[in-house]
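Asker: I'd like to ask you about the structure that follows.
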Amino acid sequence: MIPKVPLDKQIKKAVNGDEATAYAAKQSLVDVVAAYPITPQTIIVEKFSEFVANGEVYTEFVPVESEHSAMSAVIGAAAAGARAFTATASQGLALMLENLYIASALRLPLVLVVANRALSAPINIHCDHSDAMMMRDAGWVQIFAENTQEAYDTTIQAFKIAEDPEVQLPVAVNLDGFILSHTLEDIYMLPDEEVQKFLGGYRKPVKTYVDYLGKEVEVKLDPSNPISIGPLDLYDYYFEHKVPQAVAMEKVKEVVKRVNEEWFELSGRKYGDGVIDAWGVEDADVVVAVLGSTSGTVRYVAKELRKEGKKVGVLRIRLFRPFPFDEVRDLLKEVKVVGVMDRALSFGSFGPSFLEISTALQGIRNSPLMVNYIYGLGGRDVPPSHVKQVFNELEEIMKSGEVGKRLRFLGVRER
C-alpha cells in the first residue's frame, strides 16, 4: 500500500521522545496547554513554550503552580470546548490523581503525555510504570508507545480517539522516561496540514438536546446555552452516570483500531491492530507479554531464538485501558507457557499486566501456564541476557509442566 503521504514527502527530524510529543501537540491545533515542569517530562512543555514564544501556534499557554493546577486548568479548558493538552510524570501524576477521576467522569477529551518514572520513595527519576498503573482505575484510555516514532504518532492519534463521539474520554500516552523521553531518534513527521486534516481541524464539541429549550446545543460551558457539568450527584443518579463511562470504554477498542488503520493509510505506519502488536505468536509454544520500550529488546531476543528453532513469540500490549481481554485470549489460548513482564508491582499481589492477562485466560481448558516477572523498577537496565533468561525459564516450565514460583524478580542483586 502506498500511503497518502509517502515517506519522501514527510519531514525527517532527529528528536527525543519529549520533543516528538511536543511537535505532535503543536501540529494538533491545541487551544490550551497547561504546564508544570517535572523530570523527565519537562522538555515537552518547555519545547511547546518555544512554539508559543516564536508565534508558531495560537495556543493559550498557562504556566501553573503545580500538577494539580495543570490538570485543573485543562479540565476547565476542555469543559469550555477547547482542545487541551498537558504532560507530567511520577509524583506529578500522583498530585493530579483526584482530578484525573474528574476529567473522565465529566467525559472530557483531554490528552496527557506521561513520561513514565518511578514513584517515590526512595526518590528516583528513572523509568518504571508505577505512575501509569496508579491511574489504571481512573477512567482514562491508556496507550503505551514502544519508541519515539510511535510516541509522536500516538499523541496525534490520541486527540482523534478522545474526541470521537462514541468515546469522549481523556487519553494518556505513555512513553518510558529517559529511555524514550531523552533519547535522540530519527522520526518522520507529517506536514502540519495533513495532521490537521486527519483531526478534522479544531476540536468540535459534541452536541446534545436540551429538552426544556427544545434545541440542540454543544456540550460545553457557554453562557448563551447554559448547561450543568459536574453537579452534585447523590445515590439517586450517581450510579446511572457512572455506567455510561463503562459503556464508552467498551467502544474505545474499535475506535483505536480504526484510527490505527486511518493513520496507516495516511502515513504508512501502524502498530499491530492498534490494540496489540504481536510477533511470532501464531505458532508459538512460549510467549512473553510486555509493555513499552522493553518490547524491542524482547522481540530482538525472540528473533534470535527463532533462528535456533525455538517457537517463541512476543505479545506487546499497546492499549492497556480498556484492556484487550478478547484479543489476548484469542492470541494466547493455544500457547503452552506465558511469561508476563511487568515494570510495576501491585504490592501484596502481582504485576498489573499479569492480573489482566490471567483474567483474559480464565476459563480456557488447558490454559497456558503463567509466570510473572517484575523487572526494571527505578530504571534498572534490562539487557538481552535477562530476557533470554526469561525465555529459558519458560521453556523449562513447558518441559516440566511445573511453574514453581509464579512471582519472580528479574535482575535483582541477592545477598
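The values are calculated or read from the model by the stated rules, or taken from the named source; none is laboratory data. None of these values were measured; they are calculated from a predicted model. Here the Cβ positions follow ideal geometry from the backbone for every residue, glycine too, while neighbour counts run over all protein chains shown.
Asker: What are the residue pairs meeting all of these: first residue in segment 199-224, first residue on the phi > 0 side of the Ramachandran plot, second residue among the hydrophobic types (A, V, I, L, M, F, W, C) and at pLDDT 90 or above, Cβ atoms under 8 Å, and 6 or more apart or on different chains?
Answerer: Gly201/Leu29
Asker: List the number of the failed condition for Ala132; all other conditions in (1) in contact with a Leu (Cβ under 6 Å, 6 or more places away or on another chain); (2) under 30 Å from Pro244 (Cα atoms) hold.
Answerer: (1)
Asker: Go through segment 278-303 and give me each residue that's touching a residue at least 40 places away in the same chain (Cβ under 8 Å) and either under 21 Å from Ser181 (Cα atoms) or in a helix (DSSP H, G or I) (or both).
Answerer: Scanning segment 278-303 gives Val290, Leu291, Gly292, Ser293, Thr294, Ser295, Gly296, Thr297, Val298, Tyr300, Val301, Ala302.
Asker: Now, a different point. Please count how many residues of segment 17-42 are under 17 Å from Phe198 (Cβ atoms) and polar (S, T, N, Q).
Answerer: Just the residues of segment 17-42 that are under 17 Å from Phe198 (Cβ atoms), to begin with: 20-21, 23-30.
If we keep only those that are polar (S, T, N, Q) as well, we get 21, 27-28.
So the answer is 3.
Asker: Could I ask something else about it? Name the single residue, out of those in segment 152-178 being assigned to a helix (DSSP H, G or I) and either outside the structural domain of Asn16 (by TED's automatic domain parsing) or small (Gly, Ala, Ser) (or both), that is nearest to the chain's Cα centre (by Cα).
Answerer: Ala158
Asker: For segment 330-344, enumerate the residues that are more than 26 Å from Gln157 (Cα to Cα) and either surrounded by fewer than 15 Cβ atoms within 10 Å (Cβ to Cβ) or free of Cβ contacts under 8 Å to residues at least 40 places away in the same chain (or both).
Answerer: Lys333, Glu334
Asker: If you don't mind, another one. Scan segment 190-203 residue by residue and report those that are loosely packed, with under 14 Cβ neighbours inside 10 Å and assigned to a loop (DSSP other than H, G, I, E, B).
Answerer: Pro191, Gly200, Gly201 - these are the residues of segment 190-203 that are loosely packed, with under 14 Cβ neighbours inside 10 Å and assigned to a loop (DSSP other than H, G, I, E, B).
Asker: Considering only segment 282-325, state which residues are closer than 22 Å to Gly379 by Cβ, among the small types (Gly, Ala, Ser) and crowded, with 22+ Cβ neighbours inside 10 Å.
Answerer: The answer is Ala289, Gly292, Ser293, Ser295.
One line per residue, one yes/no per condition, for (1) touching a helix residue (DSSP H, G or I) at 6+ places or on another chain (Cβ under 8 Å); (2) part of a loop (DSSP other than H, G, I, E, B); (3) within 28 Å of Gly376 (Cα to Cα):
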| site | (1), (2), (3) |
| --- | --- |
| Glu150 | no, no, yes |
| Leu180 | yes, yes, yes |
| Tyr188 | yes, no, no |
| Pro205 | no, yes, no |
| Thr208 | no, no, no |
| Asn225 | no, yes, no |
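Asker: I'm trying to understand the selection: among the residues of segment 363-415, which are over 25 Å from the mean Cα position of the chain (by Cα), under 22 Å from Arg318 (Cα atoms) and not in a helix (DSSP H, G or I)?
Answerer: Listed by number, the list holds a single entry, Pro368.
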